[in-house]
Amino acid sequence: MKKTERNLIMSDAASRLRRLTALILKGFLLLATAISLVAVLLIIAYIARDAIPFFKLRGLGELFKSTAWYPSGHPPEFGALAIFFGTGLVTLGAIVVAVPLGIAAAIALSDILPYRLRQIVKPVIEILAAIPSVAYGFFALVIFAPLLQNRGGSLLSTAAWLIALPLGLLIIFAVTEIATRSIREDMVKTARLVLDAALITILIRGLLALSTMLNSIKISSGTNALNVSIILGIMALPTIVSVAEDSLQAAGRELREGSYALGATRAETLFKVIIPAAGSGIIAAVILGVMRAVGETMVVWMASGNAAQIPSPWFNFLSPVRTLTATIAGDMGEADQVTGSSRYHVLFALALCLLLTSFVANLASEWVLRRQQRKLGGLK
Amino acid sequence: MKIFYTFLIIVLASGFLGGAEVSKITVDGSTTVGPIAKAFAEFYMKQHPGVNITVSESGSGNGAKSLINGSCQVATMSRIMKQNEYEAAVHSEVLPISHVVALDGIAMIVHPSNPVKALTMEQVKRIYTGKIKNWSQLGGPNVPIVIISRDTNSGTYETFETRVLKGEKIVKNCEYVGSNGAIRQRVQSTQAALGYVGIGFIDNTVKALPVNSVPPSPETVKNGSYPIARPLYMYTNDYPKMGSDLYLFVTLYLTRKGQAIIEETGFIPVTNY
Amino acid sequence: MKLASRKLFDRSLTGISVMAVILMALSLLVLLGPIFTRGLGAFFFRATCEHRRLMLEQFTRGDQEEIAAETRVVTEARQPVYKMLADFEEELKSMEYARRRGFNTQLKEVKDLLRELLGPLPGELEAVMLRQQYGQTRWDRSLIKLGQLLYIEQWDYSDPSQMGKKFLAPRQRSFTGTQLEQLFPYLKNNLGKMLRPRFVFYWRFLTDVSLDSHFFGGIWPEILGTIYLTLGAMLFAIPFGIIAAIYLSEFASNGRLISMLRVCISTLAGVPSIVFGLFGLAFFINTLHLSSSKSVLAGSATLALLILPTIIRSAEEALKAVPYTYKEAALSLGASQLRMVLTVLLPAALPGILTGIIISMGRAAGETAPIIFTAAVSVGQPLKLWETLSQPTPALPWNIYNLATEHQAVDQIRHVQYGMVLTLVLLVLLLNLAAILIRARISKKMRG
């Protein structure tokens, strides 16, 4: 009869071998993991290496202070202030579009919508996030830009009505509530009605005037900062909504239940308890959305007009602007180091600025998220 | 999972199908010469199925750089190589040889609804340098001019800058796009726009204005009366070996069919055979 | 605050947040609506006899007899048109010079439009370029051409304070009293007989090569290029990503090195895509010389760097979600950590890892900026597998940009652009749908 020769306890040699292989394996895995470290370092190194000569040649001042961007002029000028401003302007526009919408939607998803509706809305957000940026750019250039040009005025006035009417009505009702608090019970209803009617007529009159003014605006060029801001806002929405919703959920049921037990309405719970608790998460969501908007290339290249100017006045969204990413994409052919001039190096200088911005924003959002985890973790 | 694997196998198998060794020609450069290069490529690939010709259109400057870098064999350019490009070529042991494949003119185009009938070179220069800002200063309605220009690594831009602007700077609120086709697209959808494209890109959705009373057309370009005319080039590294695919491709413009292609694309053949 | 106002506040918050969700859904609809409807127009359309002739002559597809018979019928219907043209040219010869000059330009316009509508006129030399060897292949474009034939677009510049207004003048009026006058009503009434439109489902749009710079044919080179790039990126990123995730979740101690690694991974996730493109060009092509020119290899490597952080993150989450009891059970039976990872942990986490991989595939397929200067060209043949190491390829995202901006005849190939966008969006959405289904299966398994 054959007996299986297997020891229950490993011999010294065998266990040493095992430990050695485990160590080698761990080292190998670490090496493979370190590839991401190597990649990041390489990227920073290559970009910085080719960006530094620009600063040596032209100094720091010109890039950040001058608005004259003529890289192929004689002599060439590399004032990128207008380009930085352009990036900032479209990012600001994207934030204005995405943050209110995103936070409201996150609130809806985490607290207000029933389970079944939530299951329908979540795929909508994922689809919005998954659509490739060139499809957004195609839409912005081919469908949205002509729309803005041909019907820009009426689009703007419709948007004004859509946003101002509900908000205005809300404010009116709130104001009448507060104003008629101290009136006697039996006169309160009529007093409120009168005040409401008066304020609503004022609102409608104001809106009509605003919309006639907006209707008469002729947008001369559909590829401008407004176009890009709206599209970038829609692109940043999914990020903001998912991260904000995650942090609202992370606030936990106990906080909510405690607040409800004390008699607060849902809105009061949200505004006074949950949002402050999840505050850092929401800030992180906004930062991540901003990063998405800053780093987007195809949409701005196709639909922003690419004019290196600071609009006058600075908040004129209807004028074309130029962003950092579009400048790099448009000039990327220069990045063959054949003629090795300032024109080649300035691209890397701009890329370095982009890289540093995203690096800082990343660190900020991580720090904010970690702070929230610590804060909420203590409460659990 | 099974579906995924079968799909993967099908794709990879289709990659292996087909036979002989394929030689390749990489073409890179101007968006103006792009349509000619693409048409030539398709024509040649039909006659010689074993060759794969890929065409990129990233701008004349990029074409030059790719040729010097060795990453393309034919650089299509709508301007002649600059001195520093020649110097860099020599430095990299590349000998650029130019072949003039077609003639072209740079036409000033506006939207068809624009009543302005003609422009002078001086007026074009003053519009692009920002001294003329409104169509009313040119006899049109009171609408601000939307000027559109090509981005900086374009040969069309360089020609425009040398011949029309004579080195002056373009005003800051000028919009930049990346290709001839993009300029035409902007002009045909914007009533107040003004842009410049190669003659092959004019169609009935835009109006090409006469410059200095000379309309842009094949005849006026050929006889030199149109003020902004230029040749279109293909550059190779050294003269291509006789009888090779590269040689046959680059000398297509000398054949009758090649010239028919150039004419059908809207450009002007160098001469008629 | 009084109860009523608190209730009002509550209700308005509900209203605002629901409105926000509705707005989001609406924007998705507005975005995808035109893309779907017009994109489907590249697949489902009424095709004319020219389209069928093209399919037969260029792709050898279709019944030769049937098409020959159809050509005969169509030529018969077109006879009057050509006869009228020939008669008019005879008439011109006998006209006095001034009148003849006036008609010459008009005649050239009419002939050009007829050529674009019906194909080459009889007796002319054969054109070299494909787009001039065939008439209109789509019925909707034929109707537009017919409109251009029947009406001259003219502009009324009478109002000096505004840009000109368009008005259409019937072309027939310029030819009154000549032989060509009856051409226009004849065309209007008989275009159907001359082109014989029939509804077709051109699904081969996905598998045909493009002819004559996308004027005819399909988008197979672009689709194949996108597939190659995505699979190549996966090939590079998956091994490194999964190994990194295993290391970070199983073997790593919470030291300085590890937190630095994590910071690096999240930094990599935040780098803008254009910087990846710049790095890919500067590193993979100009320094490492992975290939002498642009190539799928360089493009895949760049894309792999882009999606690496996503894979690491989702794989790590999937690994962490495996219940600790599985690992403990394996370890308690005497398995080494490696064996435990390979035989217990990875299989259990596989669906989650797969979800992450599929979503990254969708991302890699849709990215443009990294491949502009590393892999993408405007026109090229579909590559064989071994050619991908050294040759560039057309790709869906890049060609969408190219066709929508740089092409010589952007309006005439709008349907191709929409078709490409639809294909890309559907590809990405299908990948995401697959991921969602897998995830739903996991959550069901985990719950039940």
Length added when fully stretched, residue C:199-residue C:321, from 0.36 nm per residue minus Cα-Cα = 38.7 nm
May I ask what percent, to the nearest 5, of DSSP beta bridges between residues of chain B are antiparallel?
-> 65 percent
Dividing the surface of the Cα convex hull of chain C by four yields a projected area in nm² of 38.2 nm²
Hey, can you grab everything whose amide H is under 5 Å from the amide H of residue B:24? Only 5+ residues off in sequence or another chain; H modelled, so Pro and N-termini drop out.
-> B:52
Cα gyration tensor of region A:160-237, axes a ≥ b ≥ c as square roots of the eigenvalues: rounded (a/c below 1.5), prolate (a/b > b/c) or oblate?
-> oblate
Distance between Cα centroids, region B:36-78 to region C:47-104: provide it in whole Å.
-> 36 Å
Could you work out, residue by residue across A:261-267, how many beta carbons of other chains sit within 10 Å of that residue's beta carbon, and then give the average as an integer?
-> 4
222 nm mean residue ellipticity, helices alone, for chain B (DSSP H n ≥ 4; -39,500 (n - 2.57); rounded to 500) = -9500 deg cm²/dmol
Using alpha carbon positions and the Kirkwood radius, the Rg to Rh ratio of the protein assembly as shown is 1.00
For region B:147-159, what does the Karplus curve 6.51 cos²θ - 1.76 cosθ + 1.60, with θ = phi - 60°, yield as ³J(HN,Hα) per residue in whole Hz, taken in order and with x for Gly and Pro?
-> 8, 10, 9, 8, 6, 6, 8, 9, x, 4, 4, 4, 4
For region B:115-174, listing chymotrypsin sites (Phe, Trp or Tyr not before Pro) in a DSSP loop whose Cβ sees at most 12 other Cβ atoms within 10 Å gives none
Quote the relative contact order of chain C in percent (integer), defining contacts as alpha-carbon pairs under 8 Å separated by 6+ residues.
-> 18 percent
In order through region B:221-236: 3J(HN,Hα) via Karplus (6.51 cos²θ - 1.76 cosθ + 1.60), integer Hz, x for Gly, Pro = 5, 5, 8, x, 7, 6, x, 10, 10, 7, x, 10, 10, 10, 9, 10
With θ set to phi - 60° and the Karplus curve 6.51 cos²θ - 1.76 cosθ + 1.60, what are the ³J(HN,Hα) couplings of region C:209-219 in order, to the nearest whole Hz, using x for Gly and Pro?
-> 6, 8, 10, 6, 6, 6, 5, 10, x, x, 10
Determine, at each q value in 0.13, 0.14, 0.15 (inverse angstroms), the log₁₀ of I(q)/I(0) that the Debye formula gives when each Cα of region B:188-273 is one equal point scatterer.
-> -0.56, -0.64, -0.70
Taking N as the residue count of region C:73-164, its alpha carbon Rg divided by 2.2 N^0.38 Å gives 1.34
So what is the diffusion coefficient of region B:128-273 in µm² per second by Stokes-Einstein at 4 °C and 1.567 mPa s, using a Kirkwood Rh over Cα pairs?
-> 74 µm²/s
Can you tell which of A:253, A:205, A:181 shows the greatest fluctuation in a Gaussian network model of chain A with Cα springs below 10 Å?
-> A:181
Cα radius of gyration and Dmax for chain B (Å) = 21.1, 70
The computed P(r) of region C:338-440 puts the percent of Cα pairs beyond 19 Å at 59 percent
Just counting partner chain Cβ atoms within 10 Å, what average do the residues of peptide C:4-13 show around their Cβ?
-> 6
Over region C:1-134, what number does the Rg to Rh ratio reach, with both radii from the alpha-carbon atoms and Rh per Kirkwood?
-> 1.41
Just rank B:187, B:94, fewest to most, by other beta-carbon atoms within 10 angstrom.
-> B:94, B:187
Quick one: what do you get for region C:201-257 if you divide its Cα Rg by 2.2 N^0.38 Å?
-> 2.03
Over region C:223-333, what lengths in whole Å, largest first, do the semi-axes of the equivalent ellipsoid take, defined as the square roots of 5 times the eigenvalues of the alpha-carbon gyration tensor?
-> 32, 17, 11
Between residue C:217 and residues 5 or more places away or on another chain, which pairs have amide H atoms under 5 Å apart, with H built 1.01 Å from N, and which residues are they?
-> C:211
What's the long-distance tail for region C:112-239, i.e. % of Cα pairs beyond 25 Å?
-> 51 percent
Cα gyration tensor category, rounded, prolate or oblate, for region A:46-93 with a/c compared to 1.5 = oblate
If you build a Gaussian network model of chain C, linking Cα atoms that sit under 10 Å apart, which residue out of C:33, C:225, C:419 swings the most?
-> C:33
Could you work out the mean count of beta carbons from other protein chains within 10 Å of each residue's beta carbon in C:276-288?
-> 5
Hey, fewest Cβ within 10 Å first, where do C:186, B:226 land in order?
-> C:186, B:226
Per GNM of chain B with C-alpha springs under 10 angstrom, the most fluctuating residue out of B:61, B:167, B:34 is B:167
Over the Cα atoms of region C:89-134, how large are the radius of gyration and the largest Cα-Cα distance (Dmax), in Å?
-> 13.0, 38
Here the tail fraction of P(r) beyond 25 Å, over all Cα-Cα pairs of region A:183-339, rounds in percent to 62 percent
Beta bridges by DSSP in the protein assembly as shown, antiparallel share as percent, to the nearest 5 = 70 percent
Please name whichever of B:98, B:141, C:396 sits farthest to the positive end of the charge dipole of the protein assembly as shown, dipole taken about the Cα centre and charges placed at Cβ: Lys and Arg +1, Asp and Glu -1.
-> C:396
In angstroms, what radius of gyration and Dmax does region C:214-287 have, counting Cα atoms only?
-> 17.8, 60
By the mean-Cβ-within-10 Å protection proxy, highest first, C:405-418, C:121-134 rank as C:405-418, C:121-134
Evaluate chain A: find the radius of gyration of its Cα atoms, find its Kirkwood radius, and give the ratio Rg to Rh.
-> 1.12
Diagonalise the Cα gyration tensor of region A:1-126 and give the resulting equivalent ellipsoid semi-axes, square root of 5 times each eigenvalue, largest first, whole Å.
-> 55, 36, 10
Using modelled backbone amide H atoms (1.01 Å from N, in-plane), which distant-in-sequence or interchain residues come within less than 5 Å of residue B:196's amide H?
-> B:109
Per residue and in cubic angstrom, what volume does the convex hull of the Cα atoms of region B:30-136 have?
-> 158 Å³
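A short reminder: the numbers here are calculations on the coordinates, not readings from a lab. All of these numbers come straight from a predicted model, not from anything done at the bench. Note: ideal-geometry Cβ built from the backbone for every residue, glycine included; neighbour counts use all protein chains shown.
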